[in-house]
Structures are given as structure tokens and as C-alpha cells.
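Some notes on the structure that comes next.
Values in this text are rule-based calculations from the coordinates and carry no lab data. No experiment lies behind these values; they were computed from the predicted model shown. We place every Cβ from the backbone using ideal geometry, glycine too, and count neighbours over all the protein chains shown.
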Amino acid sequence: MTLPLPHLYSGKVRDVYAVGDDQLLMVTSDRLSAFDVVLDEPILHKGRVLTAISAFWSEVLADIAGSHLVSTDVNDLEPAVAAAEPDLAGRIMLCRKAEMLSIECIVRGYLSGSAWKEYKASGTMHGQALPAGLQESDQLPEPAFTPSTKSDVHDENISFARAVDLVGEEQATQARAISMALYTRGAEMARERGIIIADTKFELGVVDGELVVCDEVMTPDSSRFWPVAEWVPGSTPPSFDKQPVRDYLETLDWDKNPPPPPLPAEVVTATSSRYIEAYERITGRSFSAWPGVS
Ligand SMILES: Nc1ncnc2c1ncn2[C@@H]1O[C@H](COP(=O)(O)OP(=O)(O)O)[C@@H](O)[C@H]1O
Ligand SMILES: [Mg+2]
């Protein structure tokens, strides 16, 4: 995708452009990665789902913290930009450009992933002691702020004290308070609708001297979403969104290195449906009302 704007960055999922001096345009593609490899087949509407979920949280959690988000409406773009690419509707975030914090603001409500690995090895999580006898995927006694460094290669789990060293006491404390409040309320809402948000990663940044929520917010890509009905402590619950893909890939003799194998059409369709279902469950809104869908 090329828009008539200065192109700043293309990640696994997003293309980022500059809009004037103080705004960014983030375009979220339908690319999906599994086992850290970007698959060849786009997942229809996935970028719209991620955009719609982020916009929903920014709206309903606005009392907790400000957001970088200015608009998701293509009509707020310059006409020449909006006309340059037919598939933009519903997948754009026009944002205020932030000075990003150099830490990832992770909050965990359940013991999984790298935190489970550390706990198994040493009984701690990001260096903090946890009660003995917890199982994989157990709910933690209370949600915990578990930051990590930001690195292109390998994020490192760090203690709160290290976060203070990296960004300063005031910002670390404020980032923790914002992240915990967003997760606590968001996870509660999602759980009532059948989805466990086991953990999530926020990216915060400073705009006009204020710490605000940037990037995507509590999406299936930045979080672990589990179906409540299939959560069994002591095992790894299925991913709400990626499970059809993972299940399929596990049937193959693939070493999880690029190039990825092709996905059958029915796996692509099933995965797209899961993303859409995640949006509809969490928000209680119909995805067909989102721009660019029908
Ligand atoms: N408001 C913002 N201001 C500046 N940078 C931002 C803002 N929101 C998100 N970002 C950055 O833009 C990039 C988004 O692209 P993405 O494809 O998600 O990257 P990644 O593959 O690194 O996750 C990230 O590096 C993120 O930190
Ligand atoms: Mg990202």
C-alpha cells in the first residue's frame, strides 16, 4: 500500500505515514502472523477488527486516560489520500504523534507465556514473588503491572524498579496506574461477554506534556484472548482468534520458519469469523455497521 504521504514505517501489521508535523496515519492491514511468521494469506477484515476494537476501548475508557486517536474516519483525510487506496475505510487511525515511552506496559491477570515460564523456573513473575502452587493459565491473585523493555529483537521482562530507571519515577508510576485501570475495567467487561483477556500490552506516549494511550488497545494482537468456556487452569487455553490457524498448522510438518505454508480457504474464513466474533462479543455492536465492511 502506498499513500501520497511521507512513509515512516511498516511493521508486521501496520503501515505508518506522517500527516503534517504532529500527526500519524496508521493503516492496519489484514496480515496475520502465527508462530512469529507472517502468513501469505490476508485474513479478511482483520485490520478493521483491530481498528474497531481499539476505537471502542478508547471511547469507553476515555475517563481513565487520554488517547492518541483523533479519528478512524477516512473523510477526515485529505481527499487525495483517501482516494489513493480503495480499501482504507475502517482500517485507519489518524493519531497525534507521541513521544513513546521506552517500555511496554504489560498487565497480566492470568499466568501465561513468558510469565508462566519464569514462575515455573523461579516462583517469581518479573522478579516479584508469587504464591506457590499456581498452575499455567491460573488467574493471578490480582492483576499485575509487568513491564518489558522495547526491542526489535527480544523484549525483556523487567521489574517495576527497572522501569523507573528507564523512564523515571513519575512516568513509571503514572503508566502503571493508567495501564492497571484500563486492563481491570476492560477485562471485566470482556469477561462478562465470554472472553478472558489474560494479559495485554499497552504502549503509552507523551503528547503535549500528557501521558496518553497510543497504538492499538486491548486487541487480539496485543493481548491473549481466551474463550471463557475453554479456560482450564493447568493447560494452555486456545487463542480466541488464531486457533483455527494454529490447529491447522500443527497438522503439518512445518518447522515454523519462513516461508509459511499456504492456508486453505476454509481456515482463512474461519479465522476471519473469529476476529469478527471477538469484536461483536466485546463491544456488543454489529460489525456490519463498521466502515468498509459491507
Ligand atoms: N501515537 C503514536 N505516536 C508515535 N508512535 C506511535 C504512536 N502509536 C503507535 N506508535 C508506534 O507505531 C508503530 C506501530 O506499528 P506496528 O505495526 O504496530 O509496529 P510493531 O510491529 O512494532 O508492533 C509502533 O512502533 C508503535 O510504537
Ligand atoms: Mg504493534
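For the range 235-263, backbone nitrogen atoms closer than 16 Å to the point 7 Å from GLN135 Cα along Cα-to-C-beta are found at 235-238.
If I stretch the segment between GLN23 and ASP165 completely, what's the gain in nm (0.36 nm per residue apart, minus their alpha carbon distance), one decimal? Please list the in-between numbers first.
Numbers: separation 142, 0.36 × 142 = 51.12 nm, distance 2.91 nm.
That pair, GLN23 and ASP165, stretches by 48.2 nm at full extension.
Taking the chain on its own, what percent of its Cα-Cα pair distances exceed 34 Å? Beyond 34 Å sits 19 percent of the P(r) for the chain.
Extension gain for GLU250 to ASP76 (0.36 nm times residue separation, less C-alpha to C-alpha distance): 58.3 nm.
The helix-only estimate of mean residue ellipticity at 222 nm for the chain, built from DSSP H runs of length n ≥ 4 each weighted as -39500 (n - 2.57), is -9500 deg cm²/dmol after division by the residue total.
Cα gyration tensor of the range 1-73, axes a ≥ b ≥ c as square roots of the eigenvalues: rounded (a/c below 1.5), prolate (a/b > b/c) or oblate? The shape class here is oblate.
Taking the centroid of alpha carbons for each part, the range 100-120 and the range 196-266 are 14 Å apart. Checking the a/c ratio against 1.5 first, then a/b against b/c, what shape does the Cα gyration tensor give for the range 1-140? Because a/c hits 1.5 or more and a/b exceeds b/c, the range 1-140 counts as prolate. Rounded to whole numbers, the Karplus 3J(HN,Hα) couplings from phi for the range 186-202 are x, 5, 5, 5, 5, 5, 4, 9, x, 10, 8, 9, 5, 7, 7, 10, 9 Hz, using 6.51 cos²θ - 1.76 cosθ + 1.60 with θ = phi - 60°, and x at Gly and Pro.
When only C-alpha pairs under 8 Å and at least 6 residues apart count, what is the relative contact order of the chain, in percent?
Numbers: 533 pairs, mean separation 62.5, N = 294.
Reported relative contact order: 21 percent.
Mind giving me the FRET efficiency for ALA84 and SER122? R0 is 51 Å, r the Cβ-Cβ distance, nearest 0.05 is fine.
Numbers: r = 52 Å, r/R0 = 1.02.
Computed FRET efficiency for ALA84 and SER122: 0.45.
Between PRO86, LEU252, VAL13, the Cα set farthest toward the positive side of the dipole of the chain (charges on each charged residue's Cβ, about the Cα centre) is that of LEU252. If the segment from MET100 to THR2 were pulled out straight at 0.36 nm per residue, it would be longer than the present Cα-Cα gap by 32.8 nm.
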